[in-house]
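A short worksheet on the structure shown next.
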Amino acid sequence: MFQMELEEIVTTRPSYKSKSPYKKRKADKIQTDSVVFLDLNCLFRPFGYVNPSLRHVWFVKDICGIVCAVFTWLLVLYAEYVVMFVMLIHESSNISSFLHGLLFNLFAFLAIASHLRAMLTDPGAVPKGNATTEGIKHLGLKKGEVVFKCPKCISIKPDRAHHCSVCQRCIRKMDHHCPWVNNCVGENNQKYFVLFTLYICLISIHALYLAVSHFVSCVGRDWKGCSGLSPPATTIFLIFLIFEGMLFGIFTGIMFATQMSAVCSDETGIEQLKKEERERRSRWLSMKAVFGHPFSIRWFSPFATPMFLGSEKIYYSV
């Protein structure tokens, strides 16, 4: 999923690493781009809404990721249909049904919004092809300072950046590539991915509770007035919702806990696998580095773009 090979560019003298300096090398070739930039303003322009941030929206052209993303939306829509039209609309307690419906729809809306932000946000891609002689000179490196070059996308590789074979780009602070959001989880969109796992876990637990309680209630009432569907159809819908709630509740709960552990320890999934040793921030600063500074209710909003603490250096002294 990511390419570990690095080419070191030294500002003092070339290092050939046991290879003959006179051996002719093949020219570096940049991979074809698997990312397109969409203009989504055309969708909202008829309603009189134009946003400059929607002019260049990141989108990964990966058929597996697109299928997984659409499948995620369909699962949320299925849960929405069963909760609203099979269970709550036929409940006798109008106040309780209204509150459950309001809470479920709120979390479902936040989950879909978080998913779209995680999918359509540039995760922190390094510009392609900037590791040229001119580009390196513009860095103003001093004697003894080195940078790393990715041989796949021919880019200057910042600290904590890794190459993604799906996005075909180097991603800053890359954690992993997630097909469910059809994007890498990196420096710029980790907040939205964490919120996505949180809200999916919450609606899964809520749907599971509603489905089990509705099933028990229907059995107690001998299926009278349970829904507008027949008892067999209602049972099938509830069983599938219970299975979906259990499966994705556990899965996203584990993912949320894993992501929060990585955020608090200031260590990405790739860095955990490589067991890289480096200086880390405190837990509170690590949280601010992902969710923004300072702490506010905007941490839980997928519509709020976090203000990051700062970027990592891209060169080292040797």
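Derivation of every value follows stated rules applied to the coordinates shown; laboratory data play no part. None of the values given here were measured: they were computed from a predicted structure. Here Cβ is always computed from backbone atoms with ideal geometry, including for glycine, and neighbour counts include all displayed protein chains.
Which shape class applies to the range 160-286: rounded if a/c is under 1.5, otherwise prolate when a/b exceeds b/c and oblate if not, where a ≥ b ≥ c are the square roots of the Cα gyration tensor eigenvalues?
Because a/c hits 1.5 or more and a/b exceeds b/c, the range 160-286 counts as prolate.
For MET174, what is the net charge nearby, where nearby means another residue's Cβ is under 9 Å from its Cβ and Lys, Arg count +1, Asp, Glu -1?
In short, +1.
Based solely on its DSSP helices, what 222 nm [θ] is calculated for the chain when runs of n ≥ 4 H residues each add -39,500 (n - 2.57) and the sum is averaged over all residues, nearest 500 deg cm²/dmol?
Calculated mean residue ellipticity at 222 nm is -14500 deg cm²/dmol.
Out of ILE95, ILE171, ILE63, any idea which swings most in a Gaussian network model of the chain, alpha carbons joined below 10 Å?
ILE95
Using a Gaussian network model of the chain with C-alpha springs under 10 Å, which one of LYS173, LYS61, LYS224 is most mobile by mean-square fluctuation?
Fluctuation is largest for LYS224.
Between [x] 23.5; [y] 22.4; [z] 21.1, which matches Kirkwood radius over Cα pairs in Å calculated for the structure shown?
[y]
Suppose R0 equals 25 Å. What FRET efficiency, 1/(1 + (r/R0)^6) with r the Cβ-Cβ distance, do MET246 and PHE303 give to the nearest 0.05?
Efficiency computed from Cβ-Cβ geometry: 0.25.
Are there DSSP H segments in the chain that both extend 15 Å or more along their axis (alpha-carbon positions) and score a mean Kyte-Doolittle hydropathy of at least 1.0? List them, or say none.
Those that clear 15 Å and a mean of 1.0 are 63-81, 94-120, 190-220, 231-265.
Have a look at PHE107, PHE85, PHE196 and tell me which one the Gaussian network model of the chain (Cα, springs below 10 Å) gives the largest fluctuation.
Between PHE107, PHE85, PHE196, it is PHE85 that shows the largest mean-square fluctuation.
What list do you get for MET84, MET307 if you sort them by fewest beta carbons within 10 Å?
Details: MET84 16, MET307 11.
Going from sparsest to densest Cβ surroundings: MET307, MET84.
What's the longest piece of the chain with no exposed GluC sites (Glu not before Pro), counting a site as exposed if DSSP puts it in a loop and it has at most 10 other beta carbons within 10 Å?
Here the longest run is 6-276.
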